[in-house]
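Enquirer: Here it is: the structure, laid out below.
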Amino acid sequence: MNVHDSEKVVGTLVQEGYRQVETVEQADLILYNTCSIRDKAEQKVFHRLADYKKLQKQGKKFGVLGCVAQQEGEKIFERAPHVSLVCGSASYRKLPEMLTQLGVAATSVLREIPFDKLRADSRPAGESAGLRDDAFLDRARGAKLVRITGLDDRQTDECFETEFTARTNPHRGYITIIEGCDKFCAYCVVPFTRGKERSRTSDSVLAEARQMADLGYTEIQLLGQNVNSYRDPAGKRSFAELLAAVGEVPGIKRVRFTTSHPRDFGRDIVEAIDAVPTLCDHVHLPVQSGSTRVLDAMQRLYSREQYMERIAWIKAAKRDIVITTDVIVGFPGETESDFGETLGLLEEVGYDGIFTFKYSPRPNTPALNLEEAIPDQEKARRLEVLMAKQREVQIPRNRKYVGSIVEVMVEGHNQARGQWIGRTSQNKTLNFTAAAGKSPQSGSYVAVLVTASFPNSLVGEMMSQEEGTKTE
Ligand code: 5AD
Ligand code: SF4
């Protein structure tokens with residue numbers, strides 16, 4: 001989501017006459033996009049901003065975007081006085097205007113100001129760098145500092161719709177269909193940083209999908225915090241209908257969607273996957289815990305049984321749909337027996353992949369007030385056990401592909417290994433070799449015979465065109 005926000009911000013600013021550069025050194029304006037969903041995100045951001053401070057002497061300007069900007073607000077100016085712009089995601093539309101106020105408009109004397117490559121930093125959290133520097137503060141006050149804030153109101157109706165998205169991959173692109181979240185899971189900061197749930201019209205989503213197909217994109221990923229809570233403001237299409245309609249756009253070969261919330265996951269989504277071949281055989285359905293008691297404490301709005309009902313619908317599909325999930329360990333009050341239920345669920349569902357997280361307390365969230373915190377060491381132990389269990393589950397699931405022929409989209413080439421990297425409809429990585437003289441193009445679709453499997457990937461050999469078509 002954040003990566004796609006960066007693509008939209010870059011596209012919007014490039015349209016305004018700014019130019020994107022590769023390194024911080026080349027930039028006059030550095031916009032730092034942040035995510036605060038887990039870990040010590042705030043500390044990490046302040047640490048990075050401290051690194052930037054020394055660049056201020058070169059006349060560079062700094063802005064902080066995204067969740068940490070929204071969450072920390074003007075406190076950022078206090079702790080990092082060299083920052084002159086703080087902007088939440090619902091205010092991105094106003095960025096060009098705000099930059100003009102800051103004196104870094106692309107149309108001013110400084111035409112074509114480079115700005116740093118926006119990124120959602122995923123480096124491990126750093127320690128707080130003790131940014132208070134009073135001498136610096138005094139200088140800053142004397143120097144007529146201009147500071148701009150674009151903080152969002154949770155009730156905002158603003159969507160960041162832009163036709164100027166700078167997509168980094170020429171074959172696969174994201175489309176946001178719904179922003180914000182109204183679920184308020186007890187551990188989660190998103191409803192506070194991204195505002196209330198608001199959907200785009202299905203006509204506007206389809207127009208973007210057609211435009212992407214015209215530009216040569218073949219894979220589209222529909223995005224939303226809860227993509228399946230989508231409600232067309234024009235009342236024309238349900239989420240499943242929109243999914244099917246995107247899948248029917250001429251030129252589109254694959255459609256993915258993430259993330260689904262189990263509470264709003266309807267059977268019609270499975271029916272759409274069965275009916276429209278371009279919809280991928282993959283559903284990411286975060287469960288968070290296998291214990292109904294913990295799910296209640298997390299305010300997830302479903303029980304283990306209700307979750308398993310959705311899984312049964314997916315498994316009853318005509319197509320073999322792969323299921324992946326997110327799990328949090330060590331939520332306050334999670335007992336050994338609750339954790340045992342989560343382990344059991346991994347086997348019962350038979351996930352093909354999971355993202356695992358240690359519970360981390362987040363600002364403003366209701367779970368902050370819960371007692372019975374789980375010590376970090378114990379969270380780490382549970383995480384290890386969970387990952388080992390999932391490995392056990394995944395090995396045979398991947399092994400069953402050995403000997404079959406699957407279609408992959410070519411994503412790249414690993415020169416050192418002499419392998420191409422492909423992705424299957426089920427979202428599995430398949431590293432493959434090709435006969436001498438054959439060199440598949442990135443973005444093309446080829447048939448590959450799977451020859452071996454690992455817990456997290458498959459290995460194969462590309463089929464010749466005739467062999468590939470014979471098996472279809
Ligand atoms: N602690 C740990 N994991 C979290 N997630 C969201 N908030 C937290 C938190 N406070 C995880 C959830 C969610 C994923 C995107 O991040 O598993 O599905
Ligand atoms: Fe966070 Fe829950 Fe909303 Fe997902 S559904 S974004 S976990 S509050």
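Residue-by-condition table, conditions (1) at pLDDT below 95; (2) in a loop (DSSP other than H, G, I, E, B); (3) within 15 Å of residue 388 (Cα to Cα):
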{"position": "324", "(1), (2), (3)": "no, no, no"}
{"position": "327", "(1), (2), (3)": "no, no, yes"}
{"position": "334", "(1), (2), (3)": "no, yes, no"}
{"position": "337", "(1), (2), (3)": "no, no, no"}
{"position": "347", "(1), (2), (3)": "no, no, yes"}
{"position": "354", "(1), (2), (3)": "no, no, yes"}
{"position": "363", "(1), (2), (3)": "yes, yes, no"}
{"position": "367", "(1), (2), (3)": "no, no, no"}
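Enquirer: Additional query: Answer yes if at least one residue in the range 306-327 is aromatic (Phe, Trp, Tyr) and within 15 Å of residue 265 (Cβ to Cβ), and no otherwise.
Expert: Among the residues of the range 306-327, at least one is aromatic (Phe, Trp, Tyr) and within 15 Å of residue 265 (Cβ to Cβ), which makes the answer yes.
Enquirer: Also, I was wondering about something else. So if I check each of 251, 195, 235, 216, which one is part of a loop (DSSP other than H, G, I, E, B) and crowded, with 22+ Cβ neighbours inside 10 Å?
Expert: So the residue among 251, 195, 235, 216 that is part of a loop (DSSP other than H, G, I, E, B) and crowded, with 22+ Cβ neighbours inside 10 Å is 195.
Enquirer: Against the condition closer than 24 Å to residue 160 by Cα, surrounded by fewer than 17 Cβ atoms within 10 Å (Cβ to Cβ) and within 16 Å of ligand 1 (Cβ to nearest atom), how does residue 203 come out, does it pass?
Expert: Here the answer is no, as residue 203 does not meet what is asked.
Enquirer: Ok, one more. Give me the pairs: first residue in the range 316-342 and on the phi > 0 side of the Ramachandran plot and crowded, with 18+ Cβ neighbours inside 10 Å, second residue outside any strand (DSSP E or B) and among the hydroxyl-bearing types (Ser, Thr, Tyr), beta-carbon distance under 8 Å, and six or more apart or on different chains, which are they?
Expert: 330/359
Enquirer: Output the qualifying pairs, or none if there are none: Cβ atoms under 6 angstrom, residues six or more apart or on different chains, first residue in the range 188-207 and more than 30 Å from residue 248 (Cα to Cα), second residue hydrophobic (A, V, I, L, M, F, W, C) and within 9 Å of ligand 2 (Cβ to nearest atom).
Expert: Filtered contacts from the range 188-207: 190/181; 191/181; 191/184.
Enquirer: Continuing with this model, one more query. Just to be sure I understand, how many residues within the range 343-361 are in contact with a Ser or Thr (Cβ under 7 Å, 6 or more places away or on another chain) and either within 16 Å of ligand 2 (Cβ to nearest atom) or charged (D, E, K, R) (or both)?
Expert: 2
Enquirer: Looking only at strands (runs of 3 or more DSSP E) that fall completely inside the range 1-108, which ones have 3 or more residues that are farther than 23 Å from residue 159 by Cβ, of a type in the set (Asp, Glu) and in contact (Cβ under 8 Å) with a residue 60 or more places away in the chain?
Expert: none
Enquirer: Count, please, the residues in the range 182-206 that happen to be within 16 Å of ligand 2 (Cβ to nearest atom) and on the phi < 0 side of the Ramachandran plot.
Expert: The qualifying residues number 16.
Table: residues versus (1) more than 21 Å from residue 306 (Cβ to Cβ); (2) not charged (D, E, K, R).
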{"position": "348", "(1), (2)": "no, no"}
{"position": "360", "(1), (2)": "yes, yes"}
{"position": "364", "(1), (2)": "yes, yes"}
{"position": "369", "(1), (2)": "yes, yes"}
{"position": "381", "(1), (2)": "yes, no"}
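Enquirer: Further, regarding this structure: If the Cβ limit is 6 Å and pairs must be 6+ apart or interchain, which residue in the range 254-273 that is more than 16 Å from ligand 2 (Cβ to nearest atom) pairs with which residue that is of a type in the set (Gly, Ala, Ser) and not in a loop (DSSP other than H, G, I, E, B)?
Expert: 255/247; 268/240; 269/240; 272/240; 272/244
Enquirer: Would you check which residues across the range 258-287 are within 15 Å of ligand 1 (Cβ to nearest atom), in a strand (DSSP E or B) and either more than 19 Å from residue 323 (Cβ to Cβ) or in contact with a helix residue (DSSP H, G or I) (Cβ under 7 Å, 6 or more places away or on another chain) (or both) and list them?
Expert: Across the range 258-287, the qualifying residues are 258, 283.
Enquirer: Say whether the condition of being part of a helix (DSSP H, G or I), surrounded by fewer than 23 Cβ atoms within 10 Å (Cβ to Cβ) and within 16 Å of ligand 2 (Cβ to nearest atom) is met by at least one residue in the range 160-181.
Expert: Checked against the condition, which is being part of a helix (DSSP H, G or I), surrounded by fewer than 23 Cβ atoms within 10 Å (Cβ to Cβ) and within 16 Å of ligand 2 (Cβ to nearest atom), the range 160-181 yields no hits at all.
Enquirer: Out of (1) more than 25 Å from residue 278 (Cα to Cα); (2) exposed (fewer than 15 other Cβ atoms within 10 Å of the Cβ), the odd one out for residue 403 is which?
Expert: The number of the failed condition is (1).
Enquirer: Moving to a separate point now. Residue pairs, Cβ under 6 Å, 6 or more apart or interchain, first in the range 286-297 and over 17 Å from residue 351 (Cβ atoms), second of a type in the set (A, V, I, L, M, F, W, C). List them.
Expert: 294/331
The values are calculated or read from the model by the stated rules, or taken from the named source; none is laboratory data. Predicted, not measured: the structure shown is a model, and the values here were computed from it. Here Cβ is always computed from backbone atoms with ideal geometry, including for glycine, and neighbour counts include all displayed protein chains.
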